[in-house]
Structures are given as structure tokens and as C-alpha cells.
Ligand SMILES: [Mg+2]
């Protein structure tokens, strides 16, 4: 019997692993380059977002000095891309910084995406405390109901956003026959997709700042108080499995891109060679990177680095979400991955 071949794939977190405060961590660029030299496909998976993947790829290319393509970048909202056939023709309400989040939504194929501010422009009386911005124009489907809400990035105008979301996610909306699907009736409202459940994040400010998850929890409280029914949220972002399923899909794509073979050739090679696949998830945050990789399936190995959130040198591993491997930095993490022979 032929020996099975070990195919390695790597998911790299960005902040706290490759960059710190926008600056490249020592040795990080070279470490990533070593993955390429060893023909190990890799993608970047970050809970950041709010821009198009092409913009983030450009930024990483500039900072790391290696060529990063958009398909290698998975931000918290990137899996929304897979919803594009479902909502290609629908009016989708996009929450997050304007216009970059709207542009990201349009780039995924949501042709009738509508920002919170477009919605305000088409329903001027929706928020009595303020007029819509005079430069905002209505969406391409101004009179049609919103079919799904997607939070791409941090809400920036909570009062306006909470009011509009409370309206469009109201159970009363399902009286519109076009929205009264079995799926919506079971849920009690139209779909609500959230791309990051984190409550806080770190910035240059000395204390953590609220992010998307904080908005959702505050909104959930208000929604349930007002509508007297539960709010059902579809999450993506790390540590949710959807992020790792998407990463697996992109890593296979990346393997084909770097090897230059077609999908069919790759499958043939795999079945001939008795191929075994191992996916490594490298990150600095036990609660998202390590928990996510640990629960993504038995082919996954988590690698915790000490250059970000987990920086306690006296701790051998994280107590709540222990990683398969703990390394000082990305340089050591890449060495561990290259040396891995499938023993664990
Ligand atoms: Mg991180």
C-alpha cells in the first residue's frame, strides 16, 4: 500500500500574528514567504472588515512585500459572498461604514444592496430626530421591502440603525406576501446576518472599544422588549464554523491556483496518492482563532502565538481554549507547520 501524502493548508490571522498596530511583526513577512517556498497554500482570515477583499489584499501586499490576491483574503463578512445567488435580485439592507460596505456588498453580487443612509433617503420620516443626508439617494428598489439585513462592519449611527432594523425585522413585515415564506414565518422575521459577534476590540485608545457584537446585544434587548419575540441571528466570522468552511473552500482554490492544475486533475491526484489533508489555524486570540480551529473538524490543528492577545509567557497554553501548538511568534509557528509529519 502506498504511503499517504500529507497536504498542509494554513489559515493566518492578521492582527496580533502578522501585524501589530499596523506595523509588521519581526520576521512575519519572511515566515509567510516560507509557506510559499514549501508549497503550502495559505489564506488570511481576519474578523476585521468593512472594505472589499481587493483593498485588503493590496494593503497586505504593500505591508508584507509579498503578492497577496483577493481570493486569499477572508474577512468577517466574506462568506456573505455565498449568499449572492439567493439575494442577487433582492433588496438587501447593508449595515456598516458608508460607502465601503455598500461597495463590498455590490462586489459580492448583491445588485440591489441598500445602505442605512439610502434607506433613510427613501423613507425620510423613519427617524424623526434627523433629516436624511442631502447627498444620499434612494436604493435601486426604493418601494420594495427589505428581504434580508446584513451587518458588514461596525454600525456607526446606533440610534438610526436600531430604529430602521427594528422596523425591517418586525414580524409585521411578514404580512407582505413576498416576505411570508415558510422560512421567514418559522424565524418570525426576515433573515438577519451578522459578521462578527465580538463585543469589544482594541485600538490605540487605552481601553477596549465596542464593536458589532455590542450593537447586536443592545439591539436584541430593545427588539425583544418591543416586538415581544426572540431575535434570530445568523452569525459568521471566527469562531463560527461557516468561516472555516469558507476558508477550506478558498484554500482548495488556492492550492489549484499555485499548482496551476485544474480541480479535476487535483481530485484525480488525491485519489491516486491516498492524500491526507491537515489544516492549520494560526492566531493570537484563544476565544476566536483557537476555539474556531478546534471546533472546525478533526483535520484542523490550532496554533496559538504569543504576539497578540495571548501574551502570558508564564502560561504554557490557554486554559479555556487550549491550542494543539503554542509558539512564540509566527516565525516559530511556520517552522512547526513545516516540520509537522502528522504525528498528532
Ligand atoms: Mg488577532
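Computed from the coordinates by the stated procedures, all read-outs in this text should not be read as laboratory data. Small disclaimer: the values here were computed from a predicted structure and weren't measured. In this analysis, Cβ positions are derived from the backbone assuming ideal geometry, glycine residues included, and neighbour counts consider all displayed protein chains.
GNM on the chain, alpha-carbon springs under 10 angstrom: the most fluctuating residue among 207, 221, 133 is 207.
Relative to the longest principal axis of the Cα atoms of the chain, helix 158-168 runs at roughly 80 degrees.
Cβ crowding within 10 Å ranks 176, 13 as 176, 13, fewest other Cβ atoms first. At R0 = 22 Å, how high is the FRET efficiency between residue 24 and residue 316 if r is their beta carbon distance? Nearest 0.05 is fine. Efficiency for this residue pair is about 0.20. Neighbour counting of Cβ atoms within 10 Å sorts the residues 343, 103, fewest neighbours leading, into 343, 103. Taking 7 Å steps out from each Cα toward its Cβ at residue 6 and residue 129 produces label points 5.7 nm apart. Using the Cβ-Cβ distance between residue 186 and residue 107 with R0 set to 51 Å, the FRET efficiency from 1/(1 + (r/R0)^6) comes to roughly 0.95. The relative contact order of the chain comes to 21 percent, based on Cα pairs under 8 Å that sit 6 or more residues apart.
Calculated mean residue ellipticity, 222 nm, the chain: -10000 deg cm²/dmol, from DSSP H runs (n ≥ 4) at -39500 (n - 2.57) each, averaged per residue and rounded to 500. Between the beta carbons of residue 144 and residue 210, assuming R0 = 30 Å, the FRET efficiency works out to 0.40 to the nearest 0.05. GNM on the chain, alpha-carbon springs under 10 angstrom: the most fluctuating residue among 303, 51, 168 is 168. Using alpha-carbon pairs under 8 Å, 6+ residues apart, how would you state the relative contact order of segment 185-344 in percent? For segment 185-344, the relative contact order is 15 percent. Rounded to the nearest 5, the antiparallel percentage of DSSP beta bridges internal to the chain is 10%. Per-residue Cβ neighbour counts within 10 Å put 129, 304 in the sequence 129, 304, beginning with the fewest. In whole Å, how far is the Cα centre of segment 27-50 from that of segment 273-344? So the separation of the two Cα centres works out to 14 Å.
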